[in-house]
Amino acid sequence: MEGPPEWTGAQVIHGLSLYFAPQSRLGEQPGSLRFLVDHTRALLGPTSPEYVSLMLRCAPVPGVSVRQRCRERVGWFRSRSQLYWWSHKGAARVADALNRGGIAVSPELQTGPLP
């Protein structure tokens, strides 16, 4: 029998994107992913490149793309490829910490067949 599903970096990025989405989806409780934002901030630190890149990538600004933010150096002074590299690295660190902490994957982020 399999254990509970483990967190992945992609699930962390998806969860943060859902949390910062302008409108919640049908059946989704507002703030249900707040723990993920809090845990990310506590683990990575608010000034780390990993945290900043995750927030820039997952918290959209209406009418401003990630490409435009990087090109105009708004909040990020490195290249766009480095933004993605740092955000993947940060998401992997958060996923690893959630797995080590025994925190179950949020139902909104689980994929695959339902039990």
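Below, the figures for the structure above:
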quantity	calculated
Test for Gly90: is it open to solvent by less than 60 Å² (accessible area, probe 1.4 Å) and within 17 Å of Trp7 (Cα to Cα)	yes
Selected residue (only one of Arg78, Arg69, Arg100, Arg73 is among the basic types (Lys, Arg) and in contact with a strand residue (DSSP E or B) (Cβ under 9 Å, 6 or more places away or on another chain))	Arg69
Elements of type helices (runs of 4 or more DSSP H) contained in region 29-115, each with 1 or more residues being more than 15 Å from the chain's Cα centre (by Cα)	66-71, 80-100
Count of residues meeting criterion [β-branched (Val, Ile, Thr) and without any contact (Cβ under 8 Å) to a residue 12 or more places away in the chain] in region 65-115	2
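Yes/no per residue for (1) open to solvent by less than 70 Å² (accessible area, probe 1.4 Å); (2) of a type outside the set (A, V, I, L, M):
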{"site": "Arg57", "(1), (2)": "yes, yes"}
{"site": "Gln68", "(1), (2)": "yes, yes"}
{"site": "Val74", "(1), (2)": "no, no"}
{"site": "Ser81", "(1), (2)": "no, yes"}
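The values are calculated or read from the model by the stated rules, or taken from the named source; none is laboratory data. A quick note: this is a predicted structure, and the numbers were derived from the prediction, not measured. For neighbour counting, all protein chains shown are included, and Cβ atoms are generated from backbone atoms with ideal geometry for every residue, glycine included. All accessible areas refer to the heavy atoms of the entire protein, side chains included, with ligands and DNA or RNA removed. Shrake-Rupley method; radii C 1.70, N 1.55, O 1.52, S 1.80 Å.
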